[in-house]
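The structure under discussion appears below in the form of structure tokens.
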Amino acid sequence: MASIEKVADFMRSESLMLVTAESCTAGLIAATLADIPGAGELLDCAFVVYSPDAKKNCVAVKQETLDEFNLTSEEIAREMAEGALGKSRANVAVSNTGVTDNTDDAVPAGTQCFAWAFQPNGAGGPPVVFSETCRFSGDRTSIRQASAEYALERIPHYFSQLRKQ
């Protein structure tokens, strides 16, 4: 949890407020940050969008994207993050979509797709979005926990990338 406390300190120092759009982690990213004292100043809201319909209705994932790409894809994660950011007062969004087991023949167990969307300079203008795919091992619970921690721990990294642009 010490690394998440460092993320929280970083977010405070950079005046970052988070919204999440979570599929596989089902709210665990937001819950992990909420375990930190003072998280109310860092977390605006969280969307748990497990089904394709929820992804479309709650965070504006396009049907065309669903048709073209697997649910476990960076393209879906990117649209989830952008959609969540657009429905929140937050200035950073983190999204996650993935699988923990062998339920999808096209995607290996433990595959997780993430996106981080930043709204630089307040509202207005397109967000800057970063994404990546990782693979974690272990059981369902450990994959979800590792994914949630990873999603939060990468916020400082991608914020520094944003600053370089």
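Bear in mind that the values in this text are calculations on the coordinates, not laboratory data. Just so it is clear, the structure is predicted and the values come from calculations on it, not from any experiment. Here Cβ is always computed from backbone atoms with ideal geometry, including for glycine, and neighbour counts include all displayed protein chains.
Highest GNM mean-square fluctuation among ALA21, ALA34, ALA81, for the chain modelled with Cα contacts below 10 Å: ALA34. Taking every DSSP beta bridge that has both ends in the chain, the antiparallel portion is near 60%. Computed extension gain for ALA26 through LYS164, at 0.36 nm per residue and net of the alpha carbon distance, reaches 46.5 nm.
What distance in nm lies between label points placed 7 Å from Cα along the C-beta direction at ASP105 and GLU14? Spacing of the two 7 Å Cα→Cβ label points: 4.2 nm. Neighbours of ASP67, meaning other residues whose beta-carbon lies under 13 angstrom from its beta-carbon, give a summed charge of -1 when Lys and Arg score +1 and Asp and Glu score -1. Across segment 2-164, the volume of the C-alpha convex hull divided among the residues equals 104 Å³ per residue. The calculated FRET efficiency for the pair LYS62 and SER142, based on their C-beta separation and a Förster distance of 45 Å, comes to about 0.90. In plain terms, the chain from LYS6 to GLU41 could stretch by 11.1 nm, reckoned as 0.36 nm per residue minus the Cα-Cα distance. The distance between label points at HIS157 and VAL128 comes to 1.7 nm (points 7 Å beyond Cα on the Cα→Cβ vector). When each of the peptides 84-92, 124-132, 7-15 is scored by the mean number of other C-beta atoms lying within 10 Å of its residues, the order from highest to lowest reads 84-92, 7-15, 124-132.
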